[in-house]
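K.L.:
Let me begin by handing over the structure; questions about it come next.
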Amino acid sequence: MAQQKIELRKIRDFGENISDSLQFIRQEFKPLLTCFIAFAGIFLLAYGIYNGLYQSHFWRAFLHQTSADTSESFQRFNRDSFAKNLLLNYIVLFFFVTLNYTAMSMSIASYFKVYDIKQNGPPTLEEVWQYFKKYFLKAYLYALILSLLVILGCLFCLLPGIYFWVILAPFNMVLVMEDFSFSAAFNKCFRMIKDNFWQSLGIYFIAYLIYAFSGGIIGLIIGAITGVGSYLTTKNVSQTAGLVSGILGVTSHLFYLVFFTCIGFNYFSLTEKTDAEGLMRKIENMGNDTETTTEEQY
């Protein structure tokens, strides 16, 4: 017997948002996870490989810097080289993180798009792909701009960065669900969360804690097993650190599924408060049902 679809477009309080998000993940787990891995997995894997290689290089350089050669010229060279590599890594890491964030959020937003308009059965990979490929590049370019805005906000006493992060969290949901331009989606985010900031912050904070705790525990277990095996095999500290870091990065990011699902349900709740589209759909369906019943009786 097919499970009843969860109603997306309705107003939810704090607890309902979290509980409905987790129920949605349980009900749609297999197709949702398949889409998440299919569209975001390649970017997560690339990030994990890069992060692992960098961590391996970092620890190799660190151990080399603390070696027996302590001459002033050698130490100065090491410090300069280390600083340059660190700056380059942060630049590359910024693009990787933004790419990962966009791929993960867009896979969930595209899934919601199909789920919202499809009458029967869960969204398929092909159906979700149509929306993912339509919006991904545009969303990534927008994400670079929005990420810089949040980073600049964090540099000014942190609070402006947190404010912009909460406001702009559902940006990709607005972009996909409503096919808006950058300015229209930006304005919609501010309009939705203007009077719902603290509830939204609480929802995202709890969702992030679930992600961090679940991803951290699972990642540490897998990373520890892999790390011990790698060290016993190679006796190489830097290589082991790189391998563990790469695995932790990929494993923990899979649990972002919870975080972006909560963002999606908060979007539907907030947009229902401002636009009442779900209510309008119910009224239209009631009218259609009445017409059908009248025709059958006649």
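K.L.:
(1) over 18 Å from the mean Cα position of the chain (by Cα); (2) within 20 Å of LEU93 (Cα to Cα); (3) among the aliphatic types (A, V, I, L, M): which one isn't true of LEU158, the others all being true?
P.N.:
The single condition LEU158 does not satisfy is (2).
K.L.:
Taking the range 246-275 only, how many residues are among the hydroxyl-bearing types (Ser, Thr, Tyr) and at pLDDT below 80?
P.N.:
First pass over the range 246-275, keeping only residues among the hydroxyl-bearing types (Ser, Thr, Tyr): 251-252, 256, 261, 267, 269, 271, 274.
Going one step further and asking which of them are at pLDDT below 80, we end up with 251-252.
Total meeting the criteria: 2.
K.L.:
Determine which member of the set SER200, SER214, SER181 is of a type in the set (Ser, Thr, Tyr) and without any contact (Cβ under 8 Å) to a residue 12 or more places away in the chain. Full working, then the answer.
P.N.:
On the way: SER200 fails: without any contact (Cβ under 8 Å) to a residue 12 or more places away in the chain; SER214 fails: without any contact (Cβ under 8 Å) to a residue 12 or more places away in the chain.
Answer to the check: SER181.
K.L.:
A further question follows. Within the range 50-64, can one find any residue that is in a helix (DSSP H, G or I) and at pLDDT 75 or above? Don't jump to the end; show me each part of the working.
P.N.:
Step one: of the range 50-64, the residues in a helix (DSSP H, G or I) are 50-64.
Add one more test, that the residue is at pLDDT 75 or above, and what stays is 50.
Yes, some residue in the range 50-64 is in a helix (DSSP H, G or I) and at pLDDT 75 or above.
K.L.:
Next question. Identify, please: which residue in the range 177-206 is within 17 Å of the chain's Cα centre (by Cα) and β-branched (Val, Ile, Thr) and is, among those, surrounded by the fewest Cβ atoms within 10 Å (Cβ to Cβ)?
P.N.:
ILE206
K.L.:
From the set of residues in the range 1-50 that are farther than 28 Å from VAL250 by Cβ and of a type in the set (Lys, Arg), which is surrounded by the most Cβ atoms within 10 Å (Cβ to Cβ)?
P.N.:
ARG12
K.L.:
Step by step: first the residues of the range 155-198, then only those that are among the small types (Gly, Ala, Ser) and assigned to a loop (DSSP other than H, G, I, E, B), then the one that is nearest to CYS262 (Cα to Cα). Which residue is that?
P.N.:
Filtering the range 155-198 down to residues among the small types (Gly, Ala, Ser) leaves 161, 169, 181, 183-185.
Next, from what is left, pick out any that are assigned to a loop (DSSP other than H, G, I, E, B): 169, 181.
Details: ALA169: 10, SER181: 23 Å.
Filtering the range 155-198 for residues that are among the small types (Gly, Ala, Ser) and assigned to a loop (DSSP other than H, G, I, E, B), the one nearest to CYS262 (Cα to Cα) comes out as ALA169.
K.L.:
Contact list please: Cβ distance under 6 Å, first residue in the range 131-160 and farther than 20 Å from ASN187 by Cα and touching a residue at least 60 places away in the same chain (Cβ under 8 Å), second residue surrounded by 12 or more Cβ atoms within 10 Å (Cβ to Cβ) and not aliphatic (A, V, I, L, M), pairs at least six apart or on different chains.
P.N.:
PHE132/PHE39; PHE132/SER110
The values are calculated or read from the model by the stated rules, or taken from the named source; none is laboratory data. Just so you know, these numbers come straight off a predicted model, no measurement behind them. Heads up, the Cβs are rebuilt from the backbone with ideal geometry, glycines too, and the neighbour counts pull from every protein chain shown.
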